[in-house]
Amino acid sequence: MAKKVADLLVENLVNAGVKRLYAVTGDSLNPINDAVRRDGRLEWIHVRHEEAGAYAASMDAELDGIGCCMGSSGPGHVHLINGLYDANRSGNPVIAIATTINTDKLGMDNFQETNIVKLFDDCSKYCVMTNTPEQAANAFQSAIQHAIQDRGVAVVGLPGDVSESEVTEITTANKNFTTHSRLIPGKEELKELAEVINTNKKVMLFCGYGCKDAQDEAMQLSEQLNAPMGYSFRGKIFFDKISNPFAVGLNGLLGSKSGFKAMQEADLLILLGTDFPYTDFLPEDNTIIQIDDKPERIGRRAKVDYGYAGKIKDTLEALLPLLDRKTDDDFLKAMRELHNDQEEKYASYVQAKSEGKNIHPEFVASVIDDVATDDAIFTVDTGMSAVWAARYIKGKRNRYLTGSFNHGSMANAMPMAIGAGLSRPDRQVIALCGDGGISMLLGDLMTISQYNIPVKIIIFNNRTLGMVKVEMLVAGYPDWQTDMKNPDFAKVAEAMGIKAWNVDQCENVQSTLEVAFAHNGPALINIFTDPDALAMPPKVEFDQIKGFTKSMGKLMLNGQVADVIDTAKSNMKYLKELF
């Protein structure tokens, strides 16, 4: 049997290290489906929605270096876009195959026709439409090279008739090439960098995801400089540990006072492997150094004085011998004391009494942190569940935490857990979901059930779009159209063959989580949390207080006095800090 283009695609994916692909088969995707079946080396995961497949493939890429998803003609591959945006912005190498109608039908506004290059250009590093077998053969190799080298999404548009065509002579390699080269600033730049650090007294480090492979070196740098260490949300799981004597917490919307204050009061701020987006929380008057392996990122968020292109591990290894040891630890002690005070406040919030079906989400997150294994993988929805993860999920021996931290999409946690569960079947995978997020892709609980992926799904069921509610309140709007009428998520999960529990009493949280986490298979825990729980950022502007007060007044004028009282009662612990 002659080799077809679809067979060559499978070969390329296997050679690149792809283990599985996520797709809903049909029409123009069927030739690839058959090639995967006949080859037998790739696992086909039949998702219920292509967006879930893109998120799962992104998680494969994040954990294993490459992932793959596919979508069929028109609507099928359009569904991939949100997950691919997230993968591309997260720097995850994902190969997306967008199959489409036959070549003789293109350009005629035919049924299910799309313009693939226009459609995917903004969410990819590489995008090509292939119209001949020769072009497709070349594009497969090039797409994989681009995805790995540029750390992002590569899209290949593939008409069904091209997939079925026989392969002719191929002029490109049928394998992929990667290197693990060192990247450090030049000799004179390193000398300048060391001099700047040596001549500043109060130094703070702010570590992002780029420090993932440089955890030991970053810790050595903090120790040598007696420098407080803050971190981004994506970097926190590597450094937010009880054993870290330099940790002062996050900055940004989900940050703490200590993380914010340390950054503002440092003489010198060193940004390591972070593209921290919240410019309002960054200082303007101190000296800033930024080191990143993507130099185009340097200076686009902060008023950077010194920028250096380099991988964090490589650069710190070269830099550390050039630095003087700083013996003054007054700044570190002051920031650590503030951080410990903040941690004690968070702990006190956990102990606050909860009423039935209004369980404090802080308590739930704290119990999850206690019960989860030391090497658990957490996926976190965007919204209030991300707040509680930022505050209460701590790094331990080998934990990992991820979410839609760059794209900021809802509904990411559950499909990311699909990818994590398949990539790391030997580790506990926990998805922290909002009720709004889980509702959007609820059908893919069936994917978890069908493949018996042993993920544990926790729903913070506050019956509202909690983060949107906060946004509206601080902007001076009364919250409207944020309430949600939810199904019984536990019954839905059970109907799909997943073991599930409802928890509506505080005293049942820990025991239920322990049983669920011990269950040999997928499990869902639907926890009824307080819909009025708010979270204060580390820096609160007067306009935000004014807006909150204004919105409360509007609610009272609308006859919603009970809602105002509930909000005040639920959040007195936070509101006390404002006045």
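Report whether or not Ala500 is at pLDDT 95 or above, in the same structural domain as Ala365 (by TED's automatic domain parsing) and either crowded, with 19+ Cβ neighbours inside 10 Å or in a helix (DSSP H, G or I) (or both). Yes: the conditions hold for Ala500. Residues in the stretch 434-454 that are farther than 11 Å from Ile498 by Cβ and hydrophobic (A, V, I, L, M, F, W, C): Ile438, Met440, Leu441, Leu442.
Can you tell me which of Ala493, Ala500 is within 22 Å of Ile368 (Cα to Cα), free of Cβ contacts under 8 Å to residues at least 40 places away in the same chain and touching a Lys or Arg at 6+ places or on another chain (Cβ under 8 Å)?
Numbers: Ala493 fails: free of Cβ contacts under 8 Å to residues at least 40 places away in the same chain.
After applying the criteria, what remains is Ala500.
Scanning the stretch 384-396 for any residue that is without any contact (Cβ under 8 Å) to a residue 60 or more places away in the chain, among the small types (Gly, Ala, Ser) and assigned to a loop (DSSP other than H, G, I, E, B) turns up nothing. Which residues, taken from the stretch 191-217, are over 30 Å from Arg397 (Cβ atoms), polar (S, T, N, Q) and not in a loop (DSSP other than H, G, I, E, B)? Residue satisfying the conditions is Asn198 alone. Among the criteria (1) outside any helix (DSSP H, G or I); (2) out of contact with any helix residue (DSSP H, G or I) (no Cβ under 7 Å at 6 or more places or on another chain), the one Arg234 does not fulfil is (2).
Test Val367 against the criterion of being of a type outside the set (Ser, Thr, Tyr), modelled with pLDDT of 95 or more and more than 20 Å from Ser439 (Cα to Cα), and give yes or no. Talk me through it step by step, then tell me what you get.
Numbers: of a type outside the set (Ser, Thr, Tyr): yes; modelled with pLDDT of 95 or more: yes; more than 20 Å from Ser439 (Cα to Cα): yes.
For Val367, the condition - of a type outside the set (Ser, Thr, Tyr), modelled with pLDDT of 95 or more and more than 20 Å from Ser439 (Cα to Cα) - is met.
If the condition is being surrounded by fewer than 24 Cβ atoms within 10 Å (Cβ to Cβ), in contact with a strand residue (DSSP E or B) (Cβ under 8 Å, 6 or more places away or on another chain) and under 23 Å from Ala61 (Cβ atoms), then the stretch 146-160 contributes His146, Asp150, Gly152. Contact annotation: residue pairs with Cβ atoms under 6 Å, 6 or more positions apart or on different chains, pairing a residue in the stretch 171-188 that is over 21 Å from Val14 (Cβ atoms) with a partner that is part of a loop (DSSP other than H, G, I, E, B) and modelled with pLDDT of 85 or more, are Leu183/Asp293; Leu183/Gly310; Leu183/Lys311; Ile184/Gly310; Pro185/Gly310.
For Ala266, the criteria (1) modelled with pLDDT of 95 or more; (2) under 16 Å from Ala227 (Cβ atoms); (3) surrounded by fewer than 22 Cβ atoms within 10 Å (Cβ to Cβ) hold in every case but one, which is (3).
Among the residues of the stretch 37-51, the ones that are farther than 17 Å from His77 by Cβ and either part of a helix (DSSP H, G or I) or aliphatic (A, V, I, L, M) (or both) come to 4 in all. Taken together, the residues in the stretch 151-170 that are modelled with pLDDT under 95 and more than 13 Å from Leu9 (Cα to Cα) amount to 2. Residues in the stretch 322-352 that are assigned to a loop (DSSP other than H, G, I, E, B) and either more than 26 Å from Cys506 (Cα to Cα) or free of Cβ contacts under 8 Å to residues at least 60 places away in the same chain (or both): Leu323, Asp324, Arg325, Lys326, Thr327, Asp328, Asp329, Gln351. Per the listing Val128, Val117, the residue uniquely surrounded by 20 or more Cβ atoms within 10 Å (Cβ to Cβ), assigned by TED's automatic domain parsing to the domain that holds Gly152 and modelled with pLDDT of 95 or more is Val128. Whenever a residue of the stretch 104-132 is at positive phi, its partners that are surrounded by fewer than 15 Cβ atoms within 10 Å (Cβ to Cβ) and not in a loop (DSSP other than H, G, I, E, B), lying with C-beta atoms within less than 7 angstrom and at least six residues away or across chains, give the pairs Gln112/Pro75.
Of all residues in the stretch 179-217, which are loosely packed, with under 15 Cβ neighbours inside 10 Å and among the small types (Gly, Ala, Ser)? Hits for the stretch 179-217 are Ser181, Gly186. Taken over the stretch 1-36, the criterion of being in contact with a Cys (Cβ under 7 Å, 6 or more places away or on another chain), among the hydroxyl-bearing types (Ser, Thr, Tyr) and part of a loop (DSSP other than H, G, I, E, B) is satisfied by no residue. Starting from residues that are hydrophobic (A, V, I, L, M, F, W, C) and surrounded by fewer than 24 Cβ atoms within 10 Å (Cβ to Cβ), keep the ones in the stretch 406-440 and report whichever is farthest from Glu51 (Cα to Cα). Residue satisfying both the conditions and the ranking: Leu422. At least 2 residues being touching a Pro at 6+ places or on another chain (Cβ under 9 Å) is the threshold, and among the helices (runs of 4 or more DSSP H) wholly inside the stretch 404-469 those reaching it are 445-450.
Considering only the stretch 91-190, give the helices (runs of 4 or more DSSP H) lying wholly within it that have at least 3 residues that are more than 25 Å from Thr25 (Cβ to Cβ). Can you show your working first?
Numbers: elements: 116-120, 133-150, 160-163.
In the stretch 91-190, 133-150 are the helices (runs of 4 or more DSSP H) which contain 3 or more residues that are more than 25 Å from Thr25 (Cβ to Cβ).
Do we have any residue at all in the stretch 307-315 that's assigned by TED's automatic domain parsing to the domain that holds Glu223, at pLDDT 95 or above, in contact with a Cys (Cβ under 9 Å, 6 or more places away or on another chain) and not aromatic (Phe, Trp, Tyr)? Yes, there is a match, as at least one residue in the stretch 307-315 is assigned by TED's automatic domain parsing to the domain that holds Glu223, at pLDDT 95 or above, in contact with a Cys (Cβ under 9 Å, 6 or more places away or on another chain) and not aromatic (Phe, Trp, Tyr).
Would you confirm, using the coordinates I've provided, whether Ser258 is among the hydroxyl-bearing types (Ser, Thr, Tyr), under 16 Å from Gln342 (Cβ atoms) and crowded, with 24+ Cβ neighbours inside 10 Å? Steps first, please.
Values: among the hydroxyl-bearing types (Ser, Thr, Tyr): yes; under 16 Å from Gln342 (Cβ atoms): yes; crowded, with 24+ Cβ neighbours inside 10 Å: yes.
Answer is yes for this residue.
The listed residues are Gln220, Gln290, and the only one of them that is surrounded by fewer than 17 Cβ atoms within 10 Å (Cβ to Cβ), within 22 Å of Ile184 (Cα to Cα) and of a type outside the set (Gly, Ala, Ser) turns out to be Gln220.
The values are calculated or read from the model by the stated rules, or taken from the named source; none is laboratory data. Note that this is a predicted model, so its numbers are computed, not measured. All Cβ positions, even for glycine, are placed from backbone atoms using ideal geometry, and neighbour counts span all protein chains on display.
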